[in-house]
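Here's the structure we're looking at; comments come further down.
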Amino acid sequence: MDNPQGLGTGEYPKLTSKQKALTPIERLADDKIHGIVLAHLNKRLTISEEAMNRFYSRWRVSELKYQAYINLPDWEKELKRLSNKGDPAKCVNITVPYSFSVLNTIVTYLVHTFCGRQPMFPVTADKSEYIKGAQMMETVLQYNCNHTRMIKHLFQFLNDACMYGVGVMRVQWKVEKKLRTQWIETSSLGFGGISLGPKSWTKNRKERTVFEGNEVCAIDPFMFFPDPRVPMCEVNTRGEFVFWKDFLGKHDILSMERDGTFKYTSKASPMPSDWATSFGASLSARGIISQGDSAAGIDTIYAGRTDVYETIQGTCTIIPAELGLGEEDYPVKYLFTWLNKNRIVQAERLDYDHDQHPVVVTEPYSMGYGFGQPGIVDYMAPLQDLMSWLINSHMDNVKTMLNNMWLVDPSRVELQDLKQSGPGKLIRLKRAAYGTDVNAAVRQLQVSDVTGGHIQDFELIMRLADMLASVNDNLKGLQSSGGRKTATEVRTSSEAGASRLASLATKISAQGITNLTEQMTMNLQQFLSDEFYLDITGKDGIQDGIKITPRMLVGDFNYPVHDGTLPMDKIAMVDVWKQIFQAVAADPAMRQQFNVVGIFSYLAKLGGAKNIEEFKVQAAPDDAVLAAAEAGNAVPLQDAGNLPGVIPTPGDRLAGAI
């Protein structure tokens, strides 16, 4: 670590007894201590900015490939404008959007793999006393996912991982308080507290806690600045620091200062003049097709503006005594936020049980050692360029053939007739050429199609690219050629094509999803309040008549790596259970061992009939059975074991023992 005051000599900043009683952020009111800490943070931010800046040009190219961007010359833009007035549009060269197709196919598979099951985040335990707690923890994690709509952030996380080669998500604990309308019962009370008259209700609004839990959001790779001395996918456990940027309006800053999150925001100087050189998102090409911003509101930001702040936040491992922030002389993780690179407004110890930086990073195409890895679009780019060239060269050749190039003797032919557009030209000879051979005056040049095989070559290159990207027609949602396919053939082909994507999903799970599950689980164990949880669980918090409380979520859990396979297809499951139902219904011996009605109800619900129970009828007792019961010749089945001469079955003995 840096030593602005001579580390290694034991010369720490001298603090007065009054300063020792202050919080870390309050100590930063001292300009000397603030300058030391700010220099410490900005130095690390600069190191990371320089390292990340090397990737931006490659990421920008990937974004252009993904969007199939065409840089039209000025004259083509003019023709495009004229086409809106009814003029025919020119045929221009195109970029085949192959990267878009492949990336979306892979991301669709990954999202379906991780989000197609509930609970989304499995938790297990080795010790028997923690198994029940692990099951309850899965319920709470699923509640967090549903409340925060985590799937949209997980989708962006996976999309970034394939596009840029790195996907990042941030995990933080959130307590959300909002005004809620409630009804209160009121009534007039008489003598002795006895209610008199009808009850009445009044409505009012009251602030209450509406959510406590993990908030997960994706971080733009252009705004992510990790420690470059370790692989990105390991920065949350091995890195010294992790920072991320955002641009917040003054209203956001003041709101956070009001609730106590920030302090001393008024001391922040305006945005520096060189802010654009360090702002990675300004180099992104995401908005080039839509003509929008690569990052929301970036066009409204400029140097010297006082109502927008370049906000850098992150965690850094420091020795507080060295920087004058605390008494600890050993490494501790701190959460910092500073504005416009000149004012620290948040400094607090990050005392999390999981002891990680609150981010998860995946590099699915990583080679495992370096800092920064390619994405699938980088591998696809040369093949996409080749496919685009094959299509465009063929179209250029076709346009050449359609242009009808002529060899003309201008002394014998009226050139204005040749220049007329449209079919059915009437070409006049000049008077001096009357009676001469027409072929000698006008002759069409013969142009051969030398690109006739380019379409076949295009299909060959696309198949090669599909093999490289581990996708096939079935995964793309296309029916492959070769006649009608059975459901089994389609499923087998899809499973074979998905085997490599399954290994990719397993790697993403090992790098990021398991860390995410661990951080969320430990945050729930550490911060979840008993009162709030009992208030929001409702019927889902009841299992076997016991309410789930935070005290029941404590335990040492395991976070298994996902196997990468897709969830079981419900249609295939319906077919399986249909065969089981038919086999049980047709065999009397099987009917004695299995509940036919129960199997039928499960089969119906699996097929989507959720209200099948509404159609059940209460069977009336048979007349003969009623008559036998009245005569004393029949007893209820549960009492049969008590009759003389009747040998109880093992099930009867067990029921009697209970």
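The values are calculated or read from the model by the stated rules, or taken from the named source; none is laboratory data. These numbers were taken from a predicted model, which means no experiment stands behind them. Neighbour counts are summed over all protein chains in view; Cβ atoms, including those assigned to glycine, are modelled from backbone coordinates with ideal geometry. SASA here: full protein model, heavy atoms, side chains in, ligands and nucleic acids out. Shrake-Rupley method; radii C 1.70, N 1.55, O 1.52, S 1.80 Å.
As a calculated quantity, the FRET efficiency between D355 and S57 at R0 = 56 Å, using C-beta atoms, amounts to about 0.95.
3J(HN,Hα) along the stretch 145-158, derived from phi through the Karplus expression 6.51 cos²θ - 1.76 cosθ + 1.60 where θ = phi - 60°, amounts to 4, 5, 5, 8, 6, 4, 4, 5, 6, 5, 4, 5, 4, 6 Hz, with x in place of Gly and Pro.
Rounded to the nearest whole Å³, what is the per residue volume of the convex hull around the Cα atoms of the stretch 324-460?
Details: hull volume 40.6 nm³, N = 137.
Residue-normalised Cα hull volume stands at 297 Å³.
With the simple spin-label model, which puts each label point 7 Å out from Cα in the Cβ direction, the Y379 to T237 separation comes to 2.4 nm. Per residue, the stretch 144-189 exposes 49 Å² of solvent-accessible protein surface, assessed with a 1.4 angstrom probe and all protein chains in place.
Rounded to the nearest 10 square angstrom, C217 shows an accessible area of 30 square angstrom against a 1.4 Å probe.
First measure r as the distance between the Cβ atoms of N146 and V175, then evaluate 1/(1 + (r/R0)^6) with R0 = 22 Å and state the FRET efficiency to the nearest 0.05. Write out the running numbers ahead of the final one.
Working: r = 18 Å, r/R0 = 0.81.
In this case the efficiency is close to 0.80.
Modelled label-to-label distance, I580 and E614, 7 Å Cα→beta-carbon offset: nm? With each label placed 7 Å out from Cα toward Cβ, I get 2.6 nm.
Put a dot 7 Å past the Cα of D530, heading toward its Cβ, do the same for T124, and the two dots end up 3.2 nm apart.
Of K20/K267; K174/K245; K399/K430; K174/K341; K245/K333; K206/K245, which pairs sit farther than 28 Å apart, going by alpha carbon to alpha carbon? Where the Cα-Cα span goes over 28 Å, the pairs concerned are K399/K430; K206/K245. Residues S48, S529, S57, sorted by accessible area with the largest first, give S57, S529, S48 [1.4 Å probe; ligands and nucleic acids excluded].
Filter the chymotrypsin sites (Phe, Trp or Tyr not before Pro) in the stretch 322-401 to those in DSSP coil with at most 14 other Cβ atoms within 10 Å of their Cβ, and list the result. Show your work: numbers first, answer last.
Details: sites: Y334, F336, W338, Y352, Y365, Y369, F371, Y379, W389; in loops: Y352, Y365, Y369, F371.
The qualifying sites are Y369.
Multiplying the residue separation of K20 and E257 by 0.36 nm and removing their Cα-Cα distance gives an extension gain of 83.0 nm.
By how many nm would the segment from S200 to D457 grow when fully extended, if each residue of separation counts as 0.36 nm and the alpha-carbon distance is taken off?
Values: separation 257, 0.36 × 257 = 92.52 nm, distance 8.00 nm.
Using 0.36 nm per residue and subtracting the Cα-Cα distance, I get 84.5 nm.
What the phi angles of the stretch 248-263 give under the Karplus curve with 6.51, -1.76 and 1.60, with θ = phi - 60°, is a coupling list of 10, x, 4, 5, 5, 4, 5, 5, 5, 6, 5, 7, x, 6, 10, 8 Hz, glycine and proline written as x.
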